[in-house]
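Nothing in this text is a laboratory measurement; each read-out follows from the coordinates by a stated rule. Remember, predicted model here, so these are calculated numbers, not experimental data. All Cβ positions, glycine included, derive from the backbone under ideal geometry; neighbour counts span all protein chains shown.
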Amino acid sequence: MIPPMIRALVTAVFFMLATPLAAQPLEPITALATSDGRTYQRCLDAVDKDPADAFEQAMAWRDTSGSLAAQHCIAAALLSLGQTMAAADRLERLGIAARAEPPVVRARVLAQAGQIWLQARNAERAHALLSAAIEVAPELPDLYVDRSVTLAAAQNYWEAIDDLNKALDLQPRYGVALAFRAAAYRYVDSIDLANEDAEEAVRVAPGLPEAWLERGILRRLRGDDKGARADWLRVLVLEPDGDAGDTARANIERLELRLDEKPAALPPKPGRRWNPF
């Protein structure tokens, strides 16, 4: 187990509990757009501009059509309004009720509910919903990555590694899974395996800032300050204003001030999707 003092200095790449509850918008589910595509996209665009007005529009649309896309847009509006638990609860009920929908659609709704419950700091409920999503669509590798986050939040790092192994069995060159597994191995002191995954993550996903951030952390831990700084500077090129960039910047400042601390690691927020290739 990681001592509390070190835990305060090194936030696991998985953890996002310090992020604002409504930090991430709800991503569209492409398959929902098959019959209501234009209306669905207009509704989501309205969420970005005026979520309160979008909520009213989506409610009216739901009342006239009963559309699953309309109900998903309602949840997106609630999330943007900061009503995180209401959005998560609505998505959870929607995913449970959508038994007639294609498995991938239902799994995506359940997974988003789980991701949002994790934003609301309810890892147990998030884990249950992501497990349900995996049962519905076990062929989707990102679901295992998402569930690994809930396991890591409970400090079940070996179980998280098991899920990341499954994701990588399904998609071997999955940069996010490699970066996350590197962090998990770091937390169980399997540093050689962590280094292997971090190296592979930056090789197959050079556009993924979290991969460079994690490799920089591992380089710093083994005393390679020059290499760590180079990796964190790469993060600043890729994501100067995001969480990874902020963390890389803080770690570079620690190096320059010669602070004797472990490097910090801030994660991607739940719900976010990358194209790491």
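If you scale each eigenvalue of the Cα gyration tensor by 5 and take the root, what three semi-axes come out for the range 106-185, rounded to whole angstrom and sorted largest first?
On the way: eigenvalues 66, 47, 17 Å².
The equivalent ellipsoid of the range 106-185 has semi-axes of 18, 15, 9 Å.
On a full-extension model of 0.36 nm per residue, what is the gain between Leu233 and Ala86, subtracting their alpha-carbon distance, rounded to one decimal in nm? Before the final figure, lay out the partial values.
Details: separation 147, 0.36 × 147 = 52.92 nm, distance 3.91 nm.
Roughly 49.0 nm would be gained on extension.
Going by how many other beta carbons lie within 10 Å of each one, how would you line up Cys73, Cys43, fewest first?
If I rank by nearby Cβ atoms, fewest first, I get Cys43, Cys73.
So, R0 is 30 Å and r is the distance between the beta-carbons of Lys226 and Val204; what FRET efficiency does that work out to, to 0.05?
Calculated value: 0.80.
Hey, how much of the P(r) for the range 141-271 falls beyond 28 Å, as a percent of Cα pairs?
Everything past 28 Å amounts to 11 percent.
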